[in-house]
Amino acid sequence: MRDHSHTDLPPLARLNQTGALVTSHFSISFIMATRARIGIQLKDDSVLSVYHHWDGYPEWLGKQLMEHYNTRDKVTELIDGGDMSVCYTKDRWDGKKSVNYGPQYYSLRGEDCPPRLDDNIFEYLDKDNNEEYAYVYTIHNKWVCYDMHSFDYRKQPEKVEIPAGKVKEGAI
């Protein structure tokens, strides 16, 4: 039987038009998400939150939250829909485009993913949640972003700036 260890792989590989790594032996597609959690701090300091799958980094999700979800009512409405693929898109689960931008909730494809309630900000920022970024709309009506350092357990969550400005249309 032939050994197919890594030493048997060809020395050259390339990316095809879809971004897949192609060699004469295998093809692997690299599609990654930057996972995030979006929360709203309540009067009792608890945090009601949802999971957000795509583009959770501050340069995209942070800017979208600051631009389109910039009041308590808008943030509450966003979170009430439950976990989502993305908060601001025209894409819909049936493959069609919507006329308006908005969230792509998992509930719209039949999943039951309600918001999660954490007793306080420390519970909300628990590294075991595995999101890379966590956003909180505070009781002072401001967005705060935390880099969760999810790939480095030596580091604690750290507050990071959300860049000013708008996201370029078509960035997702």
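We did not get these values from a lab; they are worked out from the coordinates using the rules stated. No experiment lies behind these values; they were computed from the predicted model shown. No Cβ is skipped: glycine too gets one built from the backbone with ideal geometry, and neighbour counts run over all protein chains shown.
Quick notes on this one:
- Flag: Val167 matches the condition of being surrounded by 12 or more Cβ atoms within 10 Å (Cβ to Cβ) and either in contact with a helix residue (DSSP H, G or I) (Cβ under 7 Å, 6 or more places away or on another chain) or part of a helix (DSSP H, G or I) (or both).
- Taking the conditions (1) under 17 Å from Lys159 (Cα atoms); (2) over 16 Å from the mean Cα position of the chain (by Cα) in turn, Trp143 satisfies each one other than (2).
- Restricting Asp147, Asp112 to residues that are of a type in the set (D, E, K, R) and closer than 22 Å to Thr34 by Cβ narrows the list to Asp147.
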